[in-house]
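Reading through the structure tokens given below for one structure.
The values are calculated or read from the model by the stated rules, or taken from the named source; none is laboratory data. It should be emphasised that the depicted structure is a prediction, and the values quoted were computed from it without experimental measurement. No Cβ is skipped: glycine too gets one built from the backbone with ideal geometry, and neighbour counts run over all protein chains shown.
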Amino acid sequence: MVTEREAIERARRAAADWVAALGPQRVQAVWLYGSVARGEYVPGVSDVNLLVLWDRVAPEDLARWAPRLRAWLREGGTLPRLFGAEEWARAVDVFPLEHLEIHAAHVVLHGPPPPPPRVDPEALRLELEREWATKRLQLRLHLATVADRSEALGHLLRRAAPTLAALLRGLLHLVDPAAVPRTAEDTFARAAERFGFDTTPLVAVWRRRAEARWRPTPDDPVIRGVLALLDRATELVDRGLAPTTDASSPENAEP
């Protein structure tokens, strides 16, 4: 199994290879984010997420990148997010949660660090409304496909937990952007306190992320509880959860 340190070093080598192949003028930044950057990496479960910024995205450069990208995927890396630098800056209204998540926890592999994003609260609420509803639908369907296979059921839930933690952080950004926790367990506790969610089932899943032999049954109360949490959160944001006037990172708050 690849350790967290090894995952970071693999990502660092891949970024250096991409910069060497395409040039530092083309590859402007590579940032590692997600579970690895938050110190919550679990081998065999966590993705190794990269965001890559080029000065512009051209077909000929994609062709040059292709063999190196395939090598990264063969090593167990996740397909990176690729943007032109200006595209990413303009996309803060399309991907506000991603901007917030990456700024809050990242490892710079190349280029400058991500700047503090200025997030429009309504744009964030709309993204969260879509993401909560989509995650609920996806989890229902995926549960239906593996409900009679307990090992696959456990793996599905363990893989879903980090995404649910990120979506809960998104809700907290709407109501109190200066007090969004960094760790998942602190996020679950804060969401329970702020919104009245029962996050106990999600905490149980989170603490089993490293347990490859966890084999829940379809009637496990944990599964019922996670689905109930998805229902509550989806309904809350759909009703128009009242945001603060600025959902940006605290560093960007007006004096």
For TRP65, state whether it is part of a helix (DSSP H, G or I), surrounded by 21 or more Cβ atoms within 10 Å (Cβ to Cβ) and at pLDDT 95 or above. yes
Just one of (1) under 30 Å from GLU129 (Cα atoms); (2) outside any helix (DSSP H, G or I); (3) among the hydrophobic types (A, V, I, L, M, F, W, C) trips up VAL92, so point out which. (2)
Residue satisfying all of: in the stretch 200-227; basic (Lys, Arg) and within 17 Å of LEU164 (Cβ to Cβ); nearest to the chain's Cα centre (by Cα) among these: ARG209
Failed condition for LEU73, given (1) in a loop (DSSP other than H, G, I, E, B); (2) surrounded by fewer than 18 Cβ atoms within 10 Å (Cβ to Cβ): (1)
Over the stretch 224-244, the set of residues closer than 14 Å to PRO121 by Cα and either at pLDDT 95 or above or surrounded by 15 or more Cβ atoms within 10 Å (Cβ to Cβ) (or both) is VAL237, LEU241, PRO243
Of these, ALA160, ALA184, which one is under 15 Å from LEU230 (Cα atoms) and among the hydrophobic types (A, V, I, L, M, F, W, C)? ALA160
Is the stretch 163-181 home to any residue that is small (Gly, Ala, Ser) and more than 21 Å from HIS106 (Cα to Cα)? no
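Conditions (1) modelled with pLDDT of 95 or more; (2) within 22 Å of ASN49 (Cα to Cα), marked per residue:
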{"site": "ALA91", "(1), (2)": "yes, yes"}
{"site": "LEU137", "(1), (2)": "yes, no"}
{"site": "GLY170", "(1), (2)": "yes, yes"}
{"site": "ASP176", "(1), (2)": "no, no"}
{"site": "VAL180", "(1), (2)": "yes, yes"}
